[in-house]
Amino acid sequence: MRLIFLLGGLAGLIATGALAHDRFGNPNWIANGHFTSPIDGSHCCGVGDCFEVPASDVQETTGGGYLLIRINEVVPAREVQVSKDGNYWRCKKPDGSRRCFFAPPGAV
């Protein structure tokens, strides 16, 4: 009986995770939001091209942009979009260059 409850709880956790992110790790709000790059107009999200950036790796710059410390990349304010889940996200092109960047509301 305990095993049934344990398996039921595990299935619930997996289902909750599936609702939060698609099967490639992109959050659904990016995958389904039809966001486009302010750089070139391409769609922000593709298969596995968005990843969460820890807040500890982000520093606001003068003028409202952001420095992504770990990869030493500056995102100008005009390219920052509002994150729907309150986290920082960077979406990349196949060559690794930035396609989109999302920052939490209030940080933008």
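What follows draws every value from the coordinates through simple rules; no lab data is involved. Model, not experiment: these values are computed from the prediction. Cβ placement follows ideal geometry from the backbone for every residue including glycine, while neighbour counts extend to all protein chains displayed.
The figures follow:
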read-out: Projected label distance in nm at K93 and R78, using a 7 Å step from Cα toward the beta-carbon; value: 1.7 nm
read-out: Packing rank of 96-104, 75-83, where each peptide gets the mean count of other beta carbons within 10 Å, highest leading; value: 96-104, 75-83
